[in-house]
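The values are calculated or read from the model by the stated rules, or taken from the named source; none is laboratory data. Treat the numbers as computed from the prediction; the structure is a model and nothing was measured. Note that each Cβ is placed from the backbone with ideal geometry, even for glycine, and that neighbours are counted across all protein chains shown.
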Amino acid sequence: MSGESFSLLIIGGYGAFGGRLAQLLGEEPRLRLLIAGRSLEKADDFLADMRSPKGGAGRLGGNDLGARLQAVAFDRDGDLEEQLTRLRPDLVVDASGPFQTFRQDAYKVVQACIDLDIDYADLADSTGFVASIGELDAQAKAKGVFALSGLSSLPALSFAALEAMAPHFSRIESVAAGIAPSPHVKIGLNVVRAIASYAGKPVAVLREGRQAKGHGLIDEMRVTIAPPGAAPLASRIFLLVDAPDLALLPRRLNGLQSTFTGVGTEPQALQRLLSAAARLVRLRLLPSLLPFSRLVQAASHRFAIGDHRGGMFVRLGGLDRQGRKLNCGWHLVAEGDDGPFIPVIGVEALVRRLLEGRRPENGARPAAGELSLADFEAAFRRFSITSGIRLDREEEALPLYQRILGSAWERLPPALAAIHAGGARIATGRARIERGGGLLARLVARIFGFPPAAADVQVTVRFATDGDKEVWTRSFGNKSFQSWQAEGKARDRHLLVEVFGPFRVLLALVPEGDRLRLVVRGWRFFGIPLPLFLAPGGDTYEEERDGRFHFHVEIGGRLTGLVVRYTGWLRLEG
């Protein structure tokens, strides 16, 4: 400790990630936060914004009870010993970069910290930088300090997820991980430069248990990020990126056969253009995409199209404890502007541990496995972030809704779980039906056979199984209509598919307290995707009230207005 407070120097403290770390820690009165960068003016401006009630950080650190904030000039290419001796930090966090571009004296900041008995951590995502920091391990141990590299999404969070899933396996054969940033997040120039530095160039991966060459932003994998109980992100292609996990995983897992780390950005059309440019580098028609970094960044800002949601996944494949094939995935979805805080949550957790007197072991090493998934999840609660694990055993014959919900199935109230328990069954009850009055709404209702308006009518629902499908026959009085439901495949994975004739509606199952919401995520006509903003939708949910299953279903759209709304209750017969 320095005096009465813990002194934390954040290099790149007013940048995209350093600034967010300062926001997370700005409310902590035990801290002295040194916001550092080459420009003292920019550091001062950042702190002025933090202290402003209207600033994004003002909510966290702008009051008199928060951290002591100080802007300082810091040049990593200057006299590091003089600067660090003058500032006297207890911990240095390097949030600058891009670490991929560090060549000579790449570890000069780390070395200076070790020489001056200062602990060190960074947000590096460079494979070479993170994987080789262990060369300084003996020096750090001799000095009684720690130096942790890569305390970010990859590899710190990805390895925390891996460790949480590993007990399900007797052998892990494949590991894939990826990040899907929200298209509305302003990606920093250093991040773009880091990716551009290896676009189209060889990236070391494992294939069939052997070292192989992938190619940055060219090799691909399709993944649907879908935490149990949350609306999935749109299925997307992830392009290979050079992340520390690729070097660290073979050290951690004996017998590992394949590895992949990727990024999946929206809009996908822009990502395909970037991949095409990477192919020009591979063909040696371009030396590098680095000169185009500003153009790529500007294009990502200009074409910010899609939901303001981001996510991350870690997927394992192998054998379970009984020797059966098992796939297991950890999924995360972050809403709105909360996603960009994820890369700095690991450092925040480290700092709070230090304030409680819990130090990591001395030495220099990658941060993979340094924090547990529980450490991250505790921080996620401050944000609109949902995460969870899905187990996929092909031989398990689980009910349809249980397969889609995964572990979120356990959160369903008993009345809802009973209705969706699978198998042939009959439920009866009462319903109120409202119909839209527009010409197009009446035409749609007639085509699908929706029942007429009624204040109180007998309702019977017959459930039948047909292979992996459930057939629902709904009878309101003497009027019946039918649909079938199944689990989505390929790009529709983790969604409920409900089919009415030539129309296929894709629904996310989202538990909310005693309710299960059905949220429309897409629709098709004879397999042809249709615009989501024209999709039939409305406020549709199931809930338990007084121990009984209740339903509230709305079907309508922008063109039709309300088509039908039926509400009521059901109970299982027999």
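Contact map, the range 159-186: residues that are under 22 Å from G339 (Cβ atoms) and not assigned by TED's automatic domain parsing to the domain that holds M312 paired with residues that are of a type in the set (A, V, I, L, M) and surrounded by fewer than 17 Cβ atoms within 10 Å (Cβ to Cβ), Cβ distance under 8 Å, separation 6+ or inter-chain. No pairs are found. No other residue among E487, E498, E542 is of a type in the set (D, E), free of Cβ contacts under 8 Å to residues at least 24 places away in the same chain and over 23 Å from I385 (Cα atoms) apart from E498. Across the range 161-186, the qualifying residues are those that are in a helix (DSSP H, G or I) and surrounded by 24 or more Cβ atoms within 10 Å (Cβ to Cβ), and the one among them that is farthest from the chain's Cα centre (by Cα) is L162. Counting the residues of the range 528-550 that are within 19 Å of A445 (Cα to Cα) and either outside any strand (DSSP E or B) or at pLDDT 95 or above (or both) gives 6.
Scanning the range 225-238 for residues that are surrounded by fewer than 24 Cβ atoms within 10 Å (Cβ to Cβ) and hydrophobic (A, V, I, L, M, F, W, C) yields A231, A234, I237.
Determine if the range 373-381 includes at least one residue that is touching a Phe, Trp or Tyr at 6+ places or on another chain (Cβ under 6 Å) and either in a helix (DSSP H, G or I) or modelled with pLDDT under 95 (or both). There is no residue in the range 373-381 that is touching a Phe, Trp or Tyr at 6+ places or on another chain (Cβ under 6 Å) and either in a helix (DSSP H, G or I) or modelled with pLDDT under 95 (or both). Exactly one residue out of A455, A464 is in the same structural domain as G547 (by TED's automatic domain parsing) and more than 21 Å from I404 (Cβ to Cβ): that is A455. Taken residue by residue, the range 109-124 has no member that is of a type in the set (D, E, K, R), at pLDDT below 95 and either more than 27 Å from E370 (Cβ to Cβ) or not assigned by TED's automatic domain parsing to the domain that holds A247 (or both). Restricting attention to the range 549-574 and to residues that are in contact (Cβ under 8 Å) with a residue 24 or more places away in the chain and among the aliphatic types (A, V, I, L, M), the residue that is nearest to A427 (Cα to Cα) turns out to be L572. Applying the condition of being outside any loop (DSSP other than H, G, I, E, B) and at pLDDT below 90 to the range 1-48 and asking which residue is farthest from the chain's Cα centre (by Cα) yields S2. Number of residues in the range 137-164 that are aliphatic (A, V, I, L, M) and in contact with a Lys or Arg (Cβ under 9 Å, 6 or more places away or on another chain): the value is 4. Give the number of residues within the range 165-212 that are under 19 Å from V263 (Cβ atoms) and of a type in the set (S, T, N, Q). Count: 4.
Based on what the data block shows, is L350 assigned by TED's automatic domain parsing to the domain that holds V192, surrounded by 15 or more Cβ atoms within 10 Å (Cβ to Cβ) and hydrophobic (A, V, I, L, M, F, W, C)?
In short, no.
Test I225 against the stated conditions and say whether it is among the hydrophobic types (A, V, I, L, M, F, W, C), without any contact (Cβ under 8 Å) to a residue 60 or more places away in the chain and within 26 Å of V519 (Cα to Cα). It is false that I225 is among the hydrophobic types (A, V, I, L, M, F, W, C), without any contact (Cβ under 8 Å) to a residue 60 or more places away in the chain and within 26 Å of V519 (Cα to Cα). Of the strands (runs of 3 or more DSSP E) entirely within the range 233-345, those holding at least 3 residues that are under 20 Å from G216 (Cα atoms) occupy 236-240, 258-263, 309-320.
For the range 221-266, a tally of residues being in contact with a helix residue (DSSP H, G or I) (Cβ under 9 Å, 6 or more places away or on another chain), of a type in the set (A, V, I, L, M, F, W, C) and closer than 20 Å to I385 by Cα returns 4. Considering the range 239-260, and only residues there that are small (G, A, S) and crowded, with 18+ Cβ neighbours inside 10 Å, the residue that is nearest to R279 (Cα to Cα) turns out to be A243.
Just to check your reading of the model, which residue among F463, F476, F500 is touching a Lys or Arg at 6+ places or on another chain (Cβ under 6 Å) and either more than 16 Å from S235 (Cα to Cα) or exposed (fewer than 14 other Cβ atoms within 10 Å of the Cβ) (or both)?
On the way: F476 fails: touching a Lys or Arg at 6+ places or on another chain (Cβ under 6 Å); F500 fails: touching a Lys or Arg at 6+ places or on another chain (Cβ under 6 Å).
On inspection, the qualifying residue turns out to be F463.
Considering L274, L283, L290, which residue is more than 30 Å from L391 (Cβ to Cβ) and either surrounded by fewer than 16 Cβ atoms within 10 Å (Cβ to Cβ) or of a type in the set (F, W, Y) (or both)? Being more than 30 Å from L391 (Cβ to Cβ) and either surrounded by fewer than 16 Cβ atoms within 10 Å (Cβ to Cβ) or of a type in the set (F, W, Y) (or both) holds for just one of L274, L283, L290, which is L283.
Per-residue answers, yes or no, for (1) of a type outside the set (S, T, Y); (2) in contact with a Ser or Thr (Cβ under 9 Å, 6 or more places away or on another chain):
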| site | (1), (2) |
| --- | --- |
| P250 | yes, yes |
| T265 | no, yes |
| A269 | yes, no |
| S288 | no, yes |
| R294 | yes, no |
| L316 | yes, yes |
| L319 | yes, yes |
| G323 | yes, yes |
